[in-house]
Amino acid sequence: MPRTGNRLAEVAGRYVAARRAGAPDVEERLAELEAALAGPAPGAGPLQALTPTQHKILEMLAHGDGNAEVAGALGIRPGTLKVHCTAMFKALGARNRMQAIDAYWRAMGEARGVEGAMARLPKVRALIAVGG
């Protein structure tokens, strides 16, 4: 049996044992495992590549929360948050926080940053177009 098959058999054995013991979150963990093994669906948005924790972190960052607020809300240390962010950037193909946040808002169908501000503030766009 290939190495992956051994690991899968081990995970399946643990699942059966946990079900017999009545562990309440086994179904949820199994669903997460299946999703992780499956990877993102073909044609899925970039956010599909994120874990639930990474998605929550990105959502909070996109809404303006800082590292301290995010770490506090999730009950994790700032160093752990940085590890999650690094993995999140890699999953999104982002080089930094701003690119990750931009990917979030684009996936949500909302223009943000300069494009979004211009769309929401026609008066400012008119002033810029006229040159002040």
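General observations
- Qualifying residue in segment 29-50 (condition: in a helix (DSSP H, G or I), modelled with pLDDT of 90 or more and surrounded by 14 or more Cβ atoms within 10 Å (Cβ to Cβ)): no
- Ala94 being in contact with a helix residue (DSSP H, G or I) (Cβ under 6 Å, 6 or more places away or on another chain), surrounded by 15 or more Cβ atoms within 10 Å (Cβ to Cβ) and either modelled with pLDDT under 65 or not in a helix (DSSP H, G or I) (or both): yes
- Residue in segment 81-91 that is farthest from the chain's Cα centre (by Cα), counting only those that are closer than 16 Å to His55 by Cβ and surrounded by fewer than 16 Cβ atoms within 10 Å (Cβ to Cβ): Val83
The values are calculated or read from the model by the stated rules, or taken from the named source; none is laboratory data. Remember, predicted model here, so these are calculated numbers, not experimental data. Note that we place each Cβ from the backbone using ideal geometry, even for glycine, and neighbour counts take in every protein chain shown.
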